[in-house]
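The values are calculated or read from the model by the stated rules, or taken from the named source; none is laboratory data. The structure presented is a predicted model; accordingly, all values stated were derived computationally and were not measured. Every residue, glycine as well, gets a Cβ built from its backbone with ideal geometry; the counts of neighbours run over all protein chains shown. The area values use the complete protein model at the heavy-atom level, side chains included, leaving out ligands, DNA and RNA. Shrake-Rupley method; radii C 1.70, N 1.55, O 1.52, S 1.80 Å.
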Amino acid sequence: MRLKTVYVRFFRSLNIDYLRKYRSGSATDRWDVVGPNDQFYPFVRLNLESDVTTIVGANEAGKSQFLTAIKCLLNGTGYVEEDFCRYSTWFAEDDGPRLPEFGGEFTDLTPDDLEKLGALADWQEKAPETFHLFRFHDRIVVYIGDEEVVVDDASALGLPRAFDIDAKVPLPDSVEIAYLAAKGDRVSRTRRSWLERMRFVVENPEALVAPTDGTTPRPAFAGKDEVPSESTLAQWDLAKRLLVDVAGITAHDFEQLSSAVQSSDAYAEALVAKMNRKLADSLNFRKWWTQDSEFSLQLRLRDFDLVFTIRDRTGTDYTFRERSQGLKYFLSYFVQYLSHGETRDEEILLMDEPDAFLSNSGQQDLLRIFQAFAHPEDGRDPVQVIYVTHSPFLIDKNHAERVRVLEKGDGEEGTRVVQNAGRNHFEPLRTALGGFVGESTFIGTCNLLLEGQADPILLAGASNVARKVDPVGHALDLNSLTLVACGGASNVPYMAYLARGRDEDKPAVMVLVDNDDDGRDAADRIKATKGLIPHGLVFNVADLPDGSTRPAIELEDLVPAELANAAVLRVAEQVLTSDDSARFKASWKSVKPKAGSKLFKLLEAGAEAASVAAGLDRELEIPKVAFARAVADLASESKPTQVVVRAYYDSFAPLIELINLKQREADRLQAGVKVSTIIKRLRKAFIDDHPGDVRKNAVTGLLEALVSQLPADPLADGVLDKIRAIQRDFKLADEPRSLVDSPDTLRDALMSLSYAPTHAVQDA
């Protein structure tokens, strides 16, 4: 089974659903009533996805409290009277609830789940698709359809098990070998002060040498042991999970190493090398850590400890202290994922703000770990994932349906759930994230400038449909492509200038305009500005991947007529009263596309005619954004096999293919610019510092600095080849302190490095 909906009432800031309570005609569920007079106090409800749910909200919006509420629901523990909402009207009442109340709807029931339900009561419905469980302040009730039964213990139902990935425990810099070899209770494990041990070794060097006669005992360390802190133990436990559960290193291996460090340095190093081979075989960082495809984690022996070191693409080793905190925490999450064992119980992963220590790229890598939990490819059972975040980079923009936005209501209202958070291309996230769309325009690695506010909605909706209709076909990766609405064709050149014309760091930008006079004028103005955006990255909605064109003027023209007409009626349902909407629908005459005319203009004219025919007081206006929302919603709600959905996909697929083609070109150009900029900056500083003769070791230092700063991108491969050629041709490894034979030839070779990315782009 899985948790479909969680219900919370009177729990901290999760008071009640005030919008439902005071909305005329709100349906009253049996569990929404409280007190002897059955007063209506509806639960705050949060619908969950079957795979991954992202909970977003501002500070104090109640995000973390929902995670706690899920634990309370599943376990029946973890809450007391002190947790009762203090601004609830029931807080001061003596004859009402004194404890918070929790509920859940469970679905995807297996035969075993149905058998456990059947053991509770003789239900009329023998094979229900769903059931509700509520933990009220004074009883536990199970609901199936119109039936209900009070139970003493909910554990017999086999509810899913909640577990955490601890976002606050990093992988340690080092771990004691004795701890890894120990088998007893961890509370009894102690650690000796490293400084005291070093002092003992300095004062008693014979302690490290085995006695030759086999009888003379070696001096024994008699220093004071200290009990490690709980935080240290938590980090050591994580290291042990990595080395034992993931890498498969046994306690016997650590026992051997513990003995070897006191008697045989060579044997100890051989054991560590063996452990490193096991560690390398068990990890696949190329898949998970995109910031460095050559990244590897290794062990080094230091006295009685194993130290974790990192080797990057430069071949240089670093300790954790020398790298960012984010890497330590990502490794922590990664280890906890890999070491999560098989279980026969359904599970729910809860994670509270994992973005605190991770870079933007690291957060994107973490999204793939969540996806691996929910949709495993290694035979594991899928895990339902629920996490809360403040960060726009931990929102999978390819799955708007996963986002749930919470906001703080006024006064006693408490936390509220914002419905339809993914509509309007994440616009409801503005408040929750502090300007996610508007003020953080260029947050992607590649950006597509669009004319109107409706354009991102239509493209994102079409991409979502493409992902459903043909999972391996045409779809946009909205985690790497930012759709930027410019507010009109006249604003597009200015937005292009803001993005590319002012700063040294220029993001990758493409431009998609309408195939009309305003759109073509905007494109011409951009192309007329030298060096602003490559001409090939400025295109319009009529362009096709093969270089031909089709009769389309704006994005709305790509919407199939059947879907466009249905979208107008959906807008009418949303903005008109039920009576006016019914009359409007009865008067509506389906609109058909006309050559040379914009489909949306025809729809507007049709809406005007239907409004008059229906006798409406005011003409029905159809904002483009509302129309785009309706199109996206209707397509999302329909089955992928429906003809209209397939027509929607077929119409937008060529444009999506073209955008993907242009994005790959923009990314290649951007990578080339980045590599060239790094080379030019370091080379200029080197030549300024060495105007005459140059020593080989100085050149080696320059080349090592270049390698360390090159991005992990195929365009850097040509630079690396030229660097190796310079090392070979100028014999830099021979007599490192001697002078280079031909410094002018060397400077020419260094100049050629700048053109390697350009050659790679042109050859591609």
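General remarks:
- Considered as a group, the residues in the stretch 75-119 that are over 30 Å from the mean Cα position of the chain (by Cα), of a type in the set (D, E, K, R) and in a loop (DSSP other than H, G, I, E, B) include one that is nearest to A156 (Cα to Cα), and that residue is R98.
- Checking the stated criteria, S708 turns out not to satisfy the condition of being surrounded by 17 or more Cβ atoms within 10 Å (Cβ to Cβ), among the hydroxyl-bearing types (S, T, Y) and in a helix (DSSP H, G or I).
- Any hit, the stretch 456-468, residues being at pLDDT below 90 and not in a helix (DSSP H, G or I): no
- When each of L620, L537 is tested for being modelled with pLDDT of 95 or more and buried (at least 17 other Cβ atoms within 10 Å of the Cβ), the lone residue that passes is L537.
- Inclusion of A61 among residues that are open to solvent by 10 Å² or more (accessible area, probe 1.4 Å), aliphatic (A, V, I, L, M) and assigned to a loop (DSSP other than H, G, I, E, B) is not warranted.
- All told, V612 meets the bar of being open to solvent by 30 Å² or more (accessible area, probe 1.4 Å), part of a helix (DSSP H, G or I) and of a type in the set (A, V, I, L, M, F, W, C).
- Extreme residue, surrounded by the most Cβ atoms within 10 Å (Cβ to Cβ), among residues of the stretch 5-33 that are among the aliphatic types (A, V, I, L, M) and assigned to a loop (DSSP other than H, G, I, E, B): I16
- Considering the conditions (1) modelled with pLDDT of 95 or more; (2) touching a helix residue (DSSP H, G or I) at 6+ places or on another chain (Cβ under 8 Å); (3) open to solvent by 40 Å² or more (accessible area, probe 1.4 Å); (4) not hydrophobic (A, V, I, L, M, F, W, C), S548 is excluded by exactly one of them, (2).
- In the stretch 213-231, the count of residues that are open to solvent by less than 30 Å² (accessible area, probe 1.4 Å) and modelled with pLDDT of 70 or more is one or more.
- Lone qualifier among V644, V675, V625 - being in a helix (DSSP H, G or I) and either closer than 30 Å to R728 by Cβ or of a type in the set (S, T, Y) (or both): V675
- Once the stretch 135-173 is narrowed to residues that are outside any loop (DSSP other than H, G, I, E, B) and open to solvent by 40 Å² or more (accessible area, probe 1.4 Å), the residue that is nearest to F370 (Cα to Cα) is D164.
- Residue count for the stretch 68-82 under the criterion of being within 23 Å of N47 (Cβ to Cβ) and open to solvent by 10 Å² or more (accessible area, probe 1.4 Å): the result is 7.
- Identity of the residue in the stretch 364-405, part of a loop (DSSP other than H, G, I, E, B) and of a type in the set (K, R), that ends up surrounded by the fewest Cβ atoms within 10 Å (Cβ to Cβ): R380
- Of all residues making up the stretch 123-173, the number that are under 30 Å from D237 (Cα atoms) and polar (S, T, N, Q): 1
- Criterion: touching a Pro at 6+ places or on another chain (Cβ under 7 Å), more than 30 Å from A561 (Cα to Cα), modelled with pLDDT under 90 and among the acidic types (D, E) - qualifying residue of D693, D667, D713: D693
- Number of the exception - R2 against (1) in contact with a Ser or Thr (Cβ under 8 Å, 6 or more places away or on another chain); (2) open to solvent by less than 10 Å² (accessible area, probe 1.4 Å); (3) within 22 Å of V142 (Cβ to Cβ): (2)
Conditions tested, residue by residue: (1) over 21 Å from L710 (Cα atoms); (2) modelled with pLDDT of 75 or more.
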| site | (1), (2) |
| --- | --- |
| F308 | yes, yes |
| D312 | no, no |
| L331 | yes, yes |
| D345 | yes, no |
| L350 | yes, yes |
| E353 | yes, yes |
| A356 | yes, no |
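- One residue stands out among those in the stretch 629-676 that are open to solvent by 60 Å² or more (accessible area, probe 1.4 Å) and of a type in the set (V, I, T): the one that is farthest from L706 (Cα to Cα), which is V643.
- Taking first residues from the stretch 41-58 that are touching a residue at least 60 places away in the same chain (Cβ under 8 Å) and partners that are open to solvent by 40 Å² or more (accessible area, probe 1.4 Å) and not β-branched (V, I, T), the Cβ contacts under 6 Å between residues at least 6 apart in sequence or on separate chains come to S50/R2.
- Applying the condition of being without any contact (Cβ under 8 Å) to a residue 24 or more places away in the chain and surrounded by 14 or more Cβ atoms within 10 Å (Cβ to Cβ) to the stretch 271-285 and asking which residue is nearest to the chain's Cα centre (by Cα) yields F285.
- Of all residues in the stretch 603-619, those that are over 15 Å from L569 (Cβ atoms) have Cβ atoms under 6 Å from Cβ atoms of residues that are small (G, A, S) and part of a helix (DSSP H, G or I), 6 or more apart or on another chain, in E619/S611.
- When residues in the stretch 555-596 are screened for being open to solvent by 50 Å² or more (accessible area, probe 1.4 Å) and farther than 26 Å from L483 by Cβ, 14 of them pass.
- Residue in the stretch 262-271 that is over 30 Å from L366 (Cβ atoms) and touching an Asp or Glu at 6+ places or on another chain (Cβ under 8 Å) present: yes
- When we screen P100, P36 for residues that are modelled with pLDDT of 95 or more and either surrounded by fewer than 15 Cβ atoms within 10 Å (Cβ to Cβ) or within 18 Å of T415 (Cα to Cα) (or both), the only hit is P100.
- Residues being touching a strand residue (DSSP E or B) at 6+ places or on another chain (Cβ under 8 Å) and either open to solvent by 30 Å² or more (accessible area, probe 1.4 Å) or in a loop (DSSP other than H, G, I, E, B) (or both) - total across the stretch 678-699: 3
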